[in-house]
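Report on the structure given below.
The values are calculated or read from the model by the stated rules, or taken from the named source; none is laboratory data. Quick caveat, the model's predicted, so the values are computed rather than measured. Cβ sites come from the backbone with ideal geometry, for glycine too, and all protein chains shown count toward neighbours. Note: areas computed on protein heavy atoms with side chains; ligands, DNA, RNA excluded. Shrake-Rupley method; radii C 1.70, N 1.55, O 1.52, S 1.80 Å.
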There are 2 protein chains.
Amino acid sequence: MKIKAYAVMEKGGKLTPFCYEKALGKNDALVRITHCSIARGDIQFMNDDWGDTKFPVVPGHEIVGIVEDIGANVTGLQPGDRVGIGYQQTACFKCEFCRAGNEQFCPDQQVIGVHCHGGLAEHIITDSRFVFKLPASLDAARSAPLMSSGVTVYTAIRKANLPDNAVTGVLGAGGLGLLAARFLQKMGHQVSAFSHSPGKKQLIEQSGAAYLDSSNESNLSSLQQKFDFILSTLNVDFNINTYLKLLKPQGKFGVVASPLQQQPISIGLLYDYAQRTIYGNYVGSRKDMVDTLDFSARNNMECMVEVLPFSEMDTAIATLRNQHTPVRLVLEHR
Amino acid sequence: MKIKAYAVMEKGGKLTPFCYEKALGKNDALVRITHCSIARGDIQFMNDDWGDTKFPVVPGHEIVGIVEDIGANVTGLQPGDRVGIGYQQTACFKCEFCRAGNEQFCPDQQVIGVHCHGGLAEHIITDSRFVFKLPASLDAARSAPLMSSGVTVYTAIRKANLPDNAVTGVLGAGGLGLLAARFLQKMGHQVSAFSHSPGKKQLIEQSGAAYLDSSNESNLSSLQQKFDFILSTLNVDFNINTYLKLLKPQGKFGVVASPLQQQPISIGLLYDYAQRTIYGNYVGSRKDMVDTLDFSARNNMECMVEVLPFSEMDTAIATLRNQHTPVRLVLEHR
């Protein structure tokens with residue numbers, strides 16, 4: 001079928017109306033898009049910051065919509081179902097990673113922006129095994145960010161296997177950081193968010209976290225060995241050693257974003273009287289996605305979003321290009 | 001009682017005969033020392049490289065001997081038992097770490113060189129809960145290195161929770177590295193040892209590992225994403241990013257030693273399509289010590305050692321100060 005979308009035709013270009021053909025395969029679902037978030041990651045795709053964008057590109061990888069049709073082999077989805085779709089569109093289901101339930105590492109996976117088109121469109125056709133039913137209690141617009149940012153930080157936190165009422169921290173109070181703080185708070189942990197921006201204090205407190213001013217590192221020295229877990233969502237330079245010292249023995253430092261430049265690390269902080277761990281988390285598996293949505297539904301996880309009509313996508317892009325937005329922008333077909 | 005030992009009286013000094021008084025507490029064991037290894041870590045204590053050595057210091061923290069007496073409360077040990085003693089001499093047994101069986105993080109622990117005297121002596125009095133029976137099949141001299149280096153690398157490897165027949169690597173082919181290679185091989189894994197020194201090829205192969213020349217990093221590019229686990233025993237600068245790239249998705253990088261200088265790390269290598277982990281391991285708990293000794297006995301783990309009489313301790317120290325020794329030096333009372 002012909003899918004009406006909005007694409008960027010070349011590196012750094014503007015969004016323009018764009019049509020592409022895609023057939024409904026026997027494992028696929030056709031979804032009419034109702035909501036698609038637009039975030040800094042999409043701008044990075046449009047700018048080809050990672051060098052793997054395939055132009056023309058239809059951005060948008062946090063998608064909510066309604067199933068309109070399904071392929072012959074599809075089970076578990078029906079036309080009319082309200083669903084969410086994330087970054088990954090399919091996998092081989094044969095490799096060691098797929099067989100172990102870690103489809104996010106499949107070497108033959110297809111992802112939006114590199115192998116196929118995304119959610120700034122009227123429809124999308126996706127392998128139904130990467131189309132997830134939205135629990136009824138979740139609001140469509142406020143759930144869109146769960147489909148990539150949400151599953152990423154939720155899975156990163158779950159990997160830490162935290163004790164009850166853990167002492168946790170989040171580095172960075174952008175989209176990922178505020179979502180992480182909210183998940184941690186909903187899981188019953190003590191949460192602090194480290195930020196250089198006093199202006200974010202109110203937002204941080206709304207997300208359920210205490211604000212910790214990290215602009216002066218000497219403020220943090222009294223917190224050494226106090227934290228079970230710190231999650232970094234920073235994509236700017238930071239002193240990782242400062243934060244490793246804040247971890248208790250056996251404490252864990254998760255990363256879901258990274259600065260472009262290498263950062264100096266004192267390797268001794270990882271073992272000397274301490275045995276600390278640093279780990280990365282890359283999105284999540286299909287099971288992680290289901291867990292993220294289940295947890296969010298059971299705990300009334302509401303992402304902080306600003307909803308705009310699709311017709312204002314250029315405004316949304318300009319906002320993202322020109323300034324940091326503390327809440328996620330979600331486009332809505334009205 | 002009066003304990004005859006050899007101490008260094010001030011930073012960087014030489015070993016001289018030294019006596020100190022210590023009473024047998026109700027939880028203690030008095031052990032007549034038969035063997036004590038002497039390693040680079042002892043030289044670092046004698047040099048006060050970490051700034052926490054308390055002089056006079058009796059070095060030696062890999063000790064084997066025979067129980068001569070026990071305190072009133074001691075169970076599980078008898079005079080005549082052949083035992084091993086490591087770096088840690090006691091703990092509070094009340095803190096959160098002790099209660100969880102992780103006595104190595106106890107903030108009130110006592111360790112050799114900082115709080116009490118070590119194994120270059122005729123006797124030692126140690127909390128019996130840190131005195132471990134040596135399985136009968138283990139040779140005394142060849143077991144001494146298990147008491148600190150052994151438990152450190154064994155525990156580091158166990159923390160990786162490796163699949164059967166994993167692809168593993170060891171960075172550095174000194175005392176820790178060769179022991180780690182041997183443990184990995186005995187556990188049934190494929191082992192490579194990365195070394196800049198072609199002269200170590202034979203020793204590496206004796207330990208059951210394949211030699212990989214890491215002097216030219218471009219040699220390693222064909223190995224990207226091949227390893228489940230790499231353990232670094234290096235205390236010199238190295239490019240951690242080179243080795244992170246060799247790890248498969250979900251691969252783990254353990255560290256049990258570190259360069260003095262900070263090393264630049266590309267944090268993105270920890271998550272992007274990969275989800276890698278770096279963790280440190282600091283010695284081990286009492287349970288880890290028992291596991292190390294049990295595994296070693298069941299698998300005929302023989303450390304490569306050179307045995308010298310205690311009277312040649314100055315020669316041993318000079319050897320350690322002046323050159324790298326590929327095998328562990330163990331002093332023996334004859």
* Is it true that B:Val67 is of a type in the set (Val, Ile, Thr) and either in contact with a His (Cβ under 8 Å, 6 or more places away or on another chain) or part of a strand (DSSP E or B) (or both)? -> yes
* Only residues in segment B:214-231 that are at positive phi count as the first member; pair them with residues that are surrounded by fewer than 21 Cβ atoms within 10 Å (Cβ to Cβ), Cβ under 7 angstrom, at least 6 apart or cross-chain, and list the lot. => B:Gln225/B:Lys248
* Consider A:Gln275 against the criteria (1) over 18 Å from the mean Cα position of the chain (by Cα); (2) surrounded by fewer than 18 Cβ atoms within 10 Å (Cβ to Cβ): it satisfies all of them except one. Which criterion is unmet? -> (2)
* Can you find a residue in segment B:175-198 that is crowded, with 22+ Cβ neighbours inside 10 Å, at pLDDT below 90 and in contact with a strand residue (DSSP E or B) (Cβ under 6 Å, 6 or more places away or on another chain)? -> yes
* Just give me the residues in segment B:19-64 being within 21 Å of B:Thr325 (Cα to Cα) and of a type in the set (Gly, Ala, Ser), in sequence order. => B:Ser37, B:Ala39, B:Gly41, B:Gly60
* Asked: On the given criteria, is A:Val111 out of contact with any Lys or Arg (no Cβ under 8 Å at 6 or more places or on another chain) and not charged (D, E, K, R)?
  -> yes
* Structure fact -> Given (1) surrounded by 21 or more Cβ atoms within 10 Å (Cβ to Cβ); (2) β-branched (Val, Ile, Thr); (3) modelled with pLDDT of 95 or more; (4) in contact with a strand residue (DSSP E or B) (Cβ under 8 Å, 6 or more places away or on another chain), A:Val167 misses just (1)
* Structure fact -> Residue pairs qualifying under the 6 Å Cβ cut-off, at least six apart or on distinct chains, with the first in segment B:81-101 being without any contact (Cβ under 8 Å) to a residue 24 or more places away in the chain and the second being among the small types (Gly, Ala, Ser), are B:Cys98/B:Ala91
* Which ranges mark the strands (runs of 3 or more DSSP E) fully within segment A:241-284 that have 2 or more residues being out of contact with any Cys (no Cβ under 6 Å at 6 or more places or on another chain) and more than 7 Å from chain B (Cβ to nearest Cβ)? -> A:247-255
* So which pairs qualify, if the first residue must be in segment B:287-316 and touching a residue at least 60 places away in the same chain (Cβ under 8 Å), the second must be polar (S, T, N, Q) and in a helix (DSSP H, G or I), the Cβ gap must be under 6 Å, and the two must be at least 6 apart or on different chains? -> B:Asp288/B:Thr155
* To do: Filter segment B:209-235 down to the residues that are of a type in the set (D, E, K, R) and modelled with pLDDT under 95, then identify the one that is least open to solvent (accessible area, probe 1.4 Å).
  => B:Asp213
* Could you tell me whether any residue of segment A:33-48 is of a type outside the set (S, T, N, Q), open to solvent by 60 Å² or more (accessible area, probe 1.4 Å) and over 19 Å from A:Ala257 (Cα atoms)? => no
* Asked: crowded, with 22+ Cβ neighbours inside 10 Å and part of a loop (DSSP other than H, G, I, E, B), is that true of B:Pro107?
  -> no
